[in-house]
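Throughout, read-outs are computed from the coordinates displayed, never taken from laboratory work. Since this is a predicted model, take the numbers as computed values, not measurements. When we count neighbours, we look across all protein chains shown, and the Cβ atoms used for this are built from the backbone with ideal geometry, even at glycine.
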Amino acid sequence: MNASNTVTAGSYVAIVPKLSRVTENTLAEIRSQLLSIQQAVSAGDFSNVSKDDVTGAMLYAAGLGYWAQEDLFSNIGAIAGKIRKVNAQHLGLFSWDMKIGYFFGLPRSATAGNLSTDIDIHRVAAIEQSNNGAKTAQYLMQQGMQASYLEGAHWEVFRDQHFTGKGISAASIIGKSAAAGMKIFSVSASNIDTVLPQLGVGIEVKEEIANAVAAGNAATIPQQNIQLDAWIGTGYVIADPSTGAAAYKISGGFNGGGFGCNCIGFDPTIEASVGLLLGLAAFAVSSPAVAVILGIIGLVLSVLSLIDTICQINQGNACNKDAVLFAAGLLGGIGIVLGLVGLFFGVLPIFLIFGLFVPILATFASAFMTTTLMQSLSCRLP
């Protein structure tokens, strides 16, 4: 079985297979390796330690942890359901993704992104003890949903030592959608013509479901996209009802899940640049009312830019992060306050200038704090 993946340059990816099962000796070995790295770092000895070693060991440990948890729950389900099973091929990608910021379509900055899981191969041979095919399929569907949930949840345990509910996976999205009162559709050949138009999801998801149903499969999906923090999308399952074989997907196209707190989703310098262009446009019109309206829009963009800036700095790995956050907040805060003063006294041209340009320029400078150059310079601060 082949799998194809696209990886962003600069991301770290651990390819972690599960061969039969994750043994205690295997977990002890990776724990010993992590402790050795921790001791070397604590002692200030970096001669044999690199960021590749640290990140690689961390992601590999996370991958082994996922397979160990998945194996535990799978075995519990097999005992309860009187299922005999044999693990076949298991392969997952456990990643620390690179988040790229773009400026007018060109890469401008690169910061640490989300932790993600992409299970490419998960094959199990199973049969119910009395050779009941329906019970076997039911077991495989239940364990597939459990494995899907762990794709996001295992990062919660890895990071915070307990379940936080921030992990994103097909199973968790379907569960949270149902808890929010959203309809969960089971799509098959008998109802696809009536259900598909009711789905408020991306066209690519609808097309995939239509193709899957045409091939004899069924799909389970919430009626609408859901928002989790700043992430917006859906999770869905495409399954063969007769065998229980299924793909558990999120709307990004992965068979997996992830963990992260995304920012607004736009580049803060683009937000500030648009506001600056609106400010210039205000001087091309003769109406003070239009200038005030453009000033208000510029101020809103400034607030969004500041929020996005602070979020991106928090998610990044800048040296002296507290100092960078303070500088960004100070610049943006001064700009917004002056902008409000300018709009309040908008009858005077000088305050219109304050209202239009000062907050935009200040938040543009604040947004510059998210650039790779500025985060590199911050490392030279005492």
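Using amide H atoms built in the peptide plane, which far-off residues or other-chain residues are under 5 Å from SER251 H to H?
The list, which skips near neighbours in sequence, is THR234.
Please tell me which of these pairs span more than 30 angstrom C-alpha to C-alpha: LYS183/LYS249; LYS51/LYS176; LYS18/LYS99; LYS82/LYS206; LYS18/LYS51?
Going by Cα-Cα distance, LYS51/LYS176; LYS82/LYS206 fall outside the 30 Å limit.
Using mean Cβ contacts within 10 Å as the protection proxy, how do 64-76, 36-48, 131-143, 8-20 order, highest first?
Peptide ranking by packing, descending: 64-76, 131-143, 8-20, 36-48.
For a quick check: with amide H placed at 1.01 Å from N, whose amide H comes under 5 Å from GLN89's, ignoring anything fewer than 5 positions away on the same chain?
Sorted by chain and number, the residues that satisfy this are ARG123.
Taking square-rooted eigenvalues a ≥ b ≥ c of the alpha carbon gyration tensor, is region 12-259 rounded, prolate or oblate, where a/c under 1.5 means rounded and, failing that, a/b exceeding b/c means prolate?
Since a/c reaches 1.5 but b/c is at least a/b, the shape of region 12-259 is classed as oblate.
If you filter region 146-230 for trypsin sites (Lys or Arg not before Pro), then keep DSSP loop positions with at most 11 other Cβ within 10 Å, what is left?
Loop-located and lightly packed - none at all.
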